[in-house]
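J.: One structure, as structure tokens, below. Some questions next.
Bear in mind that the values in this text are calculations on the coordinates, not laboratory data. Predicted model, so just to flag it, every value in this text is computed and none were measured. Here the Cβ is made from the backbone with ideal geometry for all residues, glycine too, and neighbour counts use every protein chain on show.
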Amino acid sequence: MSGAVPVVTRFAPSPTGHLHVGGARTALFNWALAQKLGGHFLLRIEDTDQARNSRDAVRGILEDLAWLGIHWQEGPQLGGLGGDPRGVGPFFQSERLARYDAALARLIEKDLAYPAFDTPEELDALRKTASAEKRAFRYVRAADWDRAAALVRMQREPHVMRLRAPDETIVVNDQVLGDIAFGPEQIDDFVLRKRDGFPTYHLAVVVDDEAMGVTHVLRGPEHLNNTPKHIALQRALGFAMPIYAHVPSIQNPDGSKMSKRDKDKAARGLAQQAFAADAGARARAEGAIDAKRLAAWLGDAKSQLETGELDALERTLALDLPSVTVEDFRRAGYLPETVDNYLALLGWNPGEKLVDGRDREQFDLAFLADKFALDRIGRGSAKFDRAKLLAFSQEQLAALSDADWLARWRTWCARYAPEASAALADPARALVFAASMKTRCATLAAASAPGGPGRFALVADDGFAYDEKAVAKWLATGEPTGWAVLESVRATLAEAAPFEPAAIEAAVAKFCEASGLGMGKVAQPLRVALTGAAASPPLGETLAVLGRDSVLARLTRCLAACGPRT
RNA sequence: GUCCCCAUCGUCUAGUGGCCUAGGACAUGGCCCUUUCAAGGCCAGAACACGGGUUCGACUCCCGUUGGGGACGCCA
């Protein structure tokens with residue numbers, strides 16, 4: 001077909017903070033649809049709110065998307081991503097004001113838009129009245145309307161521009177929800193341009209989608225009610241109508257909508273607890289963020305901290321805030337493909353069975369791009385289930401080769417825990433570490449976490465404490481005692497070669513046989529001496545990760561530190 | 001309050017009028033394996049919100065009720 005319109009999908013975030021999981025899923029679906037249809041995925045920054053947008057947040061969102069592997073062909077540039085191959089940019093709405101004004105001029109000329117001089121206070125009062133009378137507020141055009149006078153007046157008075165809304169029912173043909181009718185009472189004379197000269201979301205989105213040739217609009221459910229407004233505007237402007245699809249929302253376990261605000265809310269509660277419990281906490285918090293800002297935020301449950309402030313507070317008070325942004329999950333040590341996979345499954349599924357009869361749930365981006373289709377998006381909202389995400393993470397991490405696991409871990413460490421990676425510089429030992437952590441860590445972060453299964457290998461030989469119960473059970477008691485076993489096995493370990501898991505296991509097994517001891521009688525005392533705890537990876541791996549020098553040093557230290565008093 | 005959307009195990013879902021004694025996954029419980037911790041294997045319990053229709057036949061179609069979510073900004 002020669003005249004086919006190339007497919008263009010888009011993700012259009014407003015830069016008010018980190019990308020949250022709902023936005024990430026919307027971006028992922030748009031990306032997948034474009035891939036499937038052989039089109040372009042475009043990124044546009046909706047920064048028309050002068051009070052709220054921040055340039056830092058833009059950078060953060062771009063990095064989050066890039067990390068997830070959601071690559072945009074058109075939009076702001078980052079690394080090799082983005083650009084403007086069709087010449088439809090710029091991609092920041094704040095740089096496109098002339099285009100919105102031009103569209104508005106056409107509407108004014110056709111008498112489809114008009115200036116309104118109501119003050120925000122006046123409108124507020126009207127809304128309050130409506131609410132008190134249990135009516136829905138609806139903007140009513142002035143009855144004594146004089147177009148010529150208004151056009152003169154707008155030259156010298158602050159005003160907004162409103163659309164002269166059509167008096168007709170508009171049917172939204174949604175690809176997920178079907179046909180939805182909105183009566184004329186649903187579409188009032190909404191604002192197109194604000195007092196500050198910036199367009200509202202409605203005007204900007206309609207003008208840009210047309211100018212950028214967007215063919216499919218896939219967005220969150222909060223926009224469903226806006227869609228008839230957008231259609232009305234498109235008709236007034238003579239624009240094409242894109243294909244619409246609204247995806248269901250992602251909810252918290254309690255059923256509320258999952259949003260960036262959840263983190264702020266949780267932080268307020270936890271901070272207040274911390275201040276009550278610890279007198280110094282308030283002072284530390286005020287060292288991290290402005291004291292006045294802090295007080296205002298604590299006192300007003302509706303206020304929100306800036307992203308940077310929230311991060312600072314989280315760090316200084318060591319708050320355990322819910323993960324809601326892509327960055328949160330990255331920091332928590334999830335693989336980007338795992339996050340993509342889980343997010344894709346929230347509201348979409350391929351509907352395929354594996355040969356063993358199970359549903360296909362785990363897949364990569366290539367699979368998503370190949371199979372994605374609007375008609376398999378669900379209609380009901382989905383609760384975000386951290387346990388299932390964690391299970392996916394566990395499984396996908398375990399499926400990595402040792403070398404891949406190690407590379408991914410080092411990459412994660414470089415950003416969040418450089419000292420952990422540095423503590424295990426030796427390549428051979430690091431590979432053993434990878435092998436033994438793979439099935440023991442549900443996330444990359446778990447390996448180095450305090451109390452985590454890999455901690456023993458990342459601390460100095462005298463950098464850990466001995467678990468009292470373990471010492472009592474495995475070193476102080478038994479016949480012979482654990483201490484005696486440690487003394488006698490020392491020579492075996494000093495000579496075992498090569499110092500690798502299999503050889504170590506074999507040497508210890510031989511020692512057990514020769515001394516008539518069960519494996520447990522030897523392995524458990526060793527675990528306590530080398531790691532401080534009675535649980536660790538298989539003995540050969542535990543010793544090989546540490547290396548011979550550390551093993552001997554730790555044996556010496558153990559006997560000295562908690563051995564029998566002589 | 002008004003409008004809009006939604007409704008299968010605790011959670012994510014398969015299911016498009018007979019393949020359903022409703023399948024899978026996560027979570028939960030039990031057993032097996034085992035030098036510890038994991039991992040792995042096997043088994044179990046667990047759902048069509050309710051009430052009316054339509055139909056020879058409803059999880060599937062229609063209506064209502066209930067419940068949940070969203071929107072009602074000079075935010076996006």
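J.: Given H placed 1.01 Å from N in the peptide plane, which residues other than close sequence neighbours of A:Asp174 have an amide H under 5 Å from its amide H?
T.: Here A:Asp179, A:Ile180 satisfy the definition.
J.: Can I ask one more? Provide the packing ranking of A:286-294, A:206-214, i.e. peptides ordered by the mean count of other C-beta atoms within 10 Å per residue, highest first.
T.: A:206-214, A:286-294
J.: Listed here are the pairs A:Lys469/A:Lys521; A:Lys128/A:Lys265; A:Lys260/A:Lys383; which of them are more than 23 Å apart at the Cα?
T.: Too far apart for the 23 Å limit: A:Lys128/A:Lys265.
J.: Compute the long axis of helix A:279-288 from its Cα atoms, compare it with the longest principal axis of the Cα atoms of chain A, and write down the angle in degrees, 0 to 90, nearest 10.
T.: That helix lies at roughly 60 degrees to the long axis.
J.: Could you work out how far helix A:336-345 tilts from the main Cα principal axis of chain A, as a 0 to 90 degree angle to the nearest 10?
T.: 60 degrees
J.: Based only on Cα atoms, what mean projected area does the convex hull of chain A have, in nm²? Don't jump to the answer; show the numbers that get you there.
T.: Numbers: hull surface 141.1 nm².
Mean projected area for chain A: 35.3 nm², to one decimal.
J.: Measuring from centroid to centroid over Cα atoms, what is the spacing of the range A:78-141 and the range A:174-221 in Å?
T.: Spelled out, the Cα-based centre of one part sits 10 Å from the other.
J.: For a quick check: sort A:Met241, A:Met161 by the number of other beta carbons within 10 angstrom, fewest at the front.
T.: A:Met241, A:Met161
J.: Near A:Lys438, which lysines are there with a Cα under 19 Å away, not counting those fewer than 8 places off in the same chain?
T.: A:Lys388
J.: Rounded, prolate or oblate, given the Cα gyration tensor of the range A:412-468, with a/c below 1.5 counting as rounded?
T.: rounded
J.: From the P(r) of the range A:54-97, could you give the percentage of C-alpha pairs in the tail past 14 Å?
T.: Value for the range A:54-97: 51 percent of Cα pairs lie more than 14 Å apart.
J.: Moving on to the next point. Contact order normalised by length for the range A:238-333, with contacts defined as Cα pairs under 8 Å and 6 or more residues apart; what percent is it?
T.: Details: 61 pairs, mean separation 31.6, N = 96.
Here the relative contact order equals 33 percent.
J.: May I ask for the angle, rounded to the nearest 10°, between helix A:120-132 and the longest principal axis of chain A, with both axes built from Cα atoms and the value confined to 0 to 90°?
T.: Relative to chain A, helix A:120-132 is tipped by roughly 80 degrees.
J.: Continuing with the same structure: Just to be sure I understand: if I project the alpha-carbon convex hull of the range A:187-280 onto a plane and average over all orientations, what area do I get in nm²?
T.: 10.2 nm²
J.: OK, next. I need the semi-axes of the equivalent ellipsoid of the range A:72-169: take the C-alpha gyration tensor, multiply each eigenvalue by 5, square-root it, list largest first in whole angstrom. If you can, show how the numbers build up before the last one.
T.: Details: eigenvalues 255, 79, 38 Å².
Rounded to whole Å, the semi-axes are 36, 20, 14.
J.: Still on this structure, please answer the following. Out of every Cα-Cα pair in the range A:7-67, what percent are more than 17 Å apart?
T.: Summing the P(r) of the range A:7-67 above 17 Å gives 38 percent of all pairs.
J.: Still on this structure: In whole angstrom, how far apart do the alpha carbon centroids of the range A:337-354 and the range A:480-523 sit?
T.: About 48 Å separates the Cα centre of the range A:337-354 from the one of the range A:480-523.
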